[in-house]
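Written below as C-alpha cells is the structure these notes are about.
The values are calculated or read from the model by the stated rules, or taken from the named source; none is laboratory data. Not measured: the values here are computed from a predicted model. Here the Cβ positions follow ideal geometry from the backbone for every residue, glycine too, while neighbour counts run over all protein chains shown. Heads up: the accessible areas ignore ligands, DNA and RNA and are worked out on the full protein's heavy atoms, side chains in. Shrake-Rupley method; radii C 1.70, N 1.55, O 1.52, S 1.80 Å.
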Amino acid sequence: MVPFSLFLSTGLYVFAFKAPNYAQALREKRDMVNQTVIDRKGRILRMEPDEHGEYLIWLTHDQIPQLMKNAVVAAEDKRFYQHYGFDPLATVRAVYGYYSAGKIISGASTISQQVVRMLHPRPRTVRSKIIEFFAAIKLEWQLSKEEILELNLNLAPMGGYLKGVCGAATTSYGL
C-alpha cells in the first residue's frame, strides 16, 4: 500500500510542476497535421505518416458526431461528466478487487487519465497511476469535457499505425 504522505507529495509535485499545460498540448496536437492528398470531392488519395510513423486525421470536438462521443463515454467512463478527472467509485472498486483477488480484476482509468497516458506514455506502475491521477485533475481544470473527448477520440490507438476515430473510419470504409 502506498503511504498517504507519498501519494500527496507526489500529487502536489505533479500538479504544480510536472503536468504540462494541457491547453497548449491541445493546440499543438491540433496543429500537427499529416500530409494528406485529397481529390476535388474531398476523398483521400494519399496520406503521409507523422514524425512517429502514425496516421492521424484530426477532428475538432464540433466535427465529431455526438453519437460517437456518447458511445465512448458509455463504454469507457460512464460518469465522465460527473467527475473531475478521476472516478472515486471506480477507484474503490478496482482497489477492492485487487486486494480481495490478489490481481487486477477491473481498471479505474477515466477518459481524462487515458488522455494523460496517451499524451505522456509511462510504464504501468503504481507511481505512474499516482501521476496520472493528479495530472488528470489538472487536465480537467485546464480543458472542457468536449476538449478532453476531442483529445481522446483523436489520440486513441486504432490498430497498427492508425490513431483516432477519423483515421480508423477512413481506412475501414475506404473513404
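Per-structure values
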read-out	value
Neighbours by Cβ (under 9 Å, 6+ apart or cross-chain): first from region 120-143, under 14 Å from Ala23 (Cβ atoms) and aromatic (Phe, Trp, Tyr); second open to solvent by 20 Å² or more (accessible area, probe 1.4 Å) and modelled with pLDDT of 85 or more	Trp141/Tyr84
Residue among Arg30, Arg46, Arg40 that alone is at pLDDT 70 or above and part of a strand (DSSP E or B)	Arg46
Selected residue [more than 28 Å from Glu48 (Cα to Cα) and in contact with an Asp or Glu (Cβ under 8 Å, 6 or more places away or on another chain)] from Gly107, Gly102, Gly85, Gly97	Gly85
Selected residue (criterion: nearest to Met32 (Cα to Cα)) from residues of region 60-101 that are modelled with pLDDT under 90 and of a type in the set (A, V, I, L, M, F, W, C)	Ala90
Single unsatisfied condition, Ala19 versus (1) closer than 14 Å to Asn154 by Cβ; (2) modelled with pLDDT under 80; (3) touching a helix residue (DSSP H, G or I) at 6+ places or on another chain (Cβ under 7 Å)	(1)
